[in-house]
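Working notes, structure below.
The values are calculated or read from the model by the stated rules, or taken from the named source; none is laboratory data. Since the model is a prediction, treat every value here as computed from it, not as a measurement. Methodologically, a virtual Cβ is constructed for each residue, glycine included, from the backbone with ideal geometry; neighbour enumeration extends over all protein chains shown.
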Amino acid sequence: MARTWIGLSGLATRSLTALAVTAGCAAAQTPAEAPTARTAPAVPTAAATAPAPDTAAAWLVADDAARTVTVALQVTRAPDGAALINGRRAGQIQIVVPLNWTVQWDWRNADSTAPHSLVVMQEREKLPTEGGRPAFTNAMTRSVTAGLPAGQGDRTTFTAEEAGWYWLLCGVPSHAIAGEYLGLRVDPDAKTASLRAK
């Protein structure tokens, strides 16, 4: 069974290794006389502190042979008070799934300040004010509008049987319109599951 693990740790390790090699080369080329004055430590630049691109993530595992994608989703609270799904919000990332693949998700509420849920709904002009009927059979957590409290989770499996654009959104009233959603694209041309940054 061929499994495709999609992870950021390898990308981060390669980037840090390249940075260390570059720094080592630069240090080797400095003149023999170094200045005696102390300099302030370097402040990391935006490029150095920016997260790695979300073209891959450890929380998405595609099994091409079984035509299945397994997604681990967790809701947390950002320092500014916004709810995040796997560190993202407001559709910043889109999960791409090939048509007729099985989607398995393990969802967990790790936000101690509010209940949350997850439901797949057809993308429209406007986000709904609360969760409703899922776009696919079983594509929702329990208690869609009431939400599940901190520490609780839900597992579900559904088939992405219709091509199109969808939202994975929190069904608790006002949560989705506040930005608690990701994109889902069921793509008839996709060969494997992946992530796309928006």
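Among the candidates THR157, THR141, the residue that is under 21 Å from the mean Cα position of the chain (by Cα), of a type in the set (Val, Ile, Thr) and over 21 Å from ALA82 (Cβ atoms) is uniquely THR157. State whether the residues of the range 118-138 include one that is under 16 Å from the mean Cα position of the chain (by Cα), among the polar types (S, T, N, Q) and modelled with pLDDT of 95 or more. No, because not a single residue in the range 118-138 is under 16 Å from the mean Cα position of the chain (by Cα), among the polar types (S, T, N, Q) and modelled with pLDDT of 95 or more. The set of residues from the range 137-182 being farther than 19 Å from THR76 by Cβ, assigned to a strand (DSSP E or B) and not aromatic (Phe, Trp, Tyr) comprises MET140, THR156, THR157, THR159, GLY164.
Against the numbered list (1) in contact with a Lys or Arg (Cβ under 9 Å, 6 or more places away or on another chain); (2) over 16 Å from ALA62 (Cβ atoms); (3) touching a residue at least 40 places away in the same chain (Cβ under 8 Å); (4) not charged (D, E, K, R), ILE93 comes up short only at (2).
In the range 98-115, the residue that is nearest to GLY132 (Cα to Cα) out of those that are crowded, with 18+ Cβ neighbours inside 10 Å and touching an Asp or Glu at 6+ places or on another chain (Cβ under 7 Å) is TRP107. Does THR113 fit the bill of being more than 19 Å from the chain's Cα centre (by Cα) and either aliphatic (A, V, I, L, M) or within 14 Å of ALA83 (Cβ to Cβ) (or both)? In short, yes.
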